[in-house]
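Only one structure is covered here, and it is reproduced in the block below.
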């Protein structure tokens, strides 16, 4: 697998931290200009802007404050761009008319030809065909247009990330931790008791791949090895530990179910989905072998029956959903 080097991680961190500063400042500027916190809409608003304002006021009421709306808007606008870039660089941003993968340059050409001003809105429309729960259409937050100069700076930040960074298997996993960098530092420096809204930024830490693999291979993998000692899957698990007799060092988990279809993998603090993605890769191969399923059928079965995740911060679940969808899409042709 390909993982980010220390230099690439530093670059990704710098880009994400700066992107949050830019996009939240721009979101706050637009929310103020739209008069979301005011009782009456500014007279200068167009009918379209008035409709967006109504939706934003409802979302602010739902979130509990204008500050929370600014944070939510910043997250949604930046991650719509970032996720579209992830799809494009992994050849998964599909033209909804011809079914062909598009690069971001091709999306820009399409937007220019059709007279659409926001390239990322066009990209999101294509992406929503595959991931409607993540690239939501008609969301008032995303209908709020950011200032042109802010969009241009966000695009410049994205351009700093090479395809090698975007396609590294751990890149998406670092995104949320870096998004919370400044917020985490602020909370820690305040020395106040951590709770409520402070809990997520302080406790969200990306678990590196070797840790995830070690834990899963010596739990889920050990369970499989005890029941299928001749399985070819064992050769690919470098962290699985054995006793002298060749049995799993941690035991065979005799109290677990006997069939993969009955095994539940629940991550109650799923973060950006690193454990879920790795478990998915193990589980679908197990089910394919045990039930003689095609890769596609095995993957569908695992998503339906075996994997579950919970998170305190709904933004994490969005990233976890995207990470899992990206993994499914990139393994669908195996």
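The values are calculated or read from the model by the stated rules, or taken from the named source; none is laboratory data. Source: prediction; values computed, not measured. Cβ atoms come from the backbone with ideal geometry, glycine included; neighbour counts cover every protein chain shown.
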Could you list, in sequence order, the residues of segment 95-140 that are more than 18 Å from residue 79 (Cα to Cα) and touching a strand residue (DSSP E or B) at 6+ places or on another chain (Cβ under 8 Å)? 95, 100, 101, 102
Scanning segment 126-143 residue by residue, those part of a loop (DSSP other than H, G, I, E, B) and buried (at least 17 other Cβ atoms within 10 Å of the Cβ) turn out to be 131, 134, 135
If we only count helices (runs of 4 or more DSSP H) wholly inside segment 159-229, which ones have 1 or more residues that are at pLDDT 75 or above, farther than 20 Å from residue 6 by Cα and assigned by TED's automatic domain parsing to the domain that holds residue 252? 209-217, 220-227
For residue 123, which of the numbered conditions (1) within 29 Å of residue 173 (Cβ to Cβ); (2) outside any loop (DSSP other than H, G, I, E, B); (3) in contact (Cβ under 8 Å) with a residue 60 or more places away in the chain fails to hold? (3)
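Table: residues versus (1) assigned to a loop (DSSP other than H, G, I, E, B); (2) buried (at least 20 other Cβ atoms within 10 Å of the Cβ); (3) assigned by TED's automatic domain parsing to the domain that holds residue 128.
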site	(1), (2), (3)
257	yes, no, no
290	no, no, no
298	no, yes, no
304	no, no, no
Taking segment 306-320 only, how many residues are closer than 12 Å to residue 280 by Cβ and part of a helix (DSSP H, G or I)? 1
So which of 252, 271 is outside any helix (DSSP H, G or I), surrounded by fewer than 16 Cβ atoms within 10 Å (Cβ to Cβ) and in contact with a helix residue (DSSP H, G or I) (Cβ under 9 Å, 6 or more places away or on another chain)? 252
When the residues of segment 35-63 are narrowed to those that are in contact (Cβ under 8 Å) with a residue 24 or more places away in the chain and surrounded by 15 or more Cβ atoms within 10 Å (Cβ to Cβ), which ends up farthest from residue 77 (Cα to Cα)? 36
Which of the following residues is in the same structural domain as residue 17 (by TED's automatic domain parsing) and in contact with a helix residue (DSSP H, G or I) (Cβ under 7 Å, 6 or more places away or on another chain): 124, 43? 124
For the subset of segment 83-106 comprising residues that are in a helix (DSSP H, G or I) and without any contact (Cβ under 8 Å) to a residue 24 or more places away in the chain, which member is surrounded by the most Cβ atoms within 10 Å (Cβ to Cβ)? 104
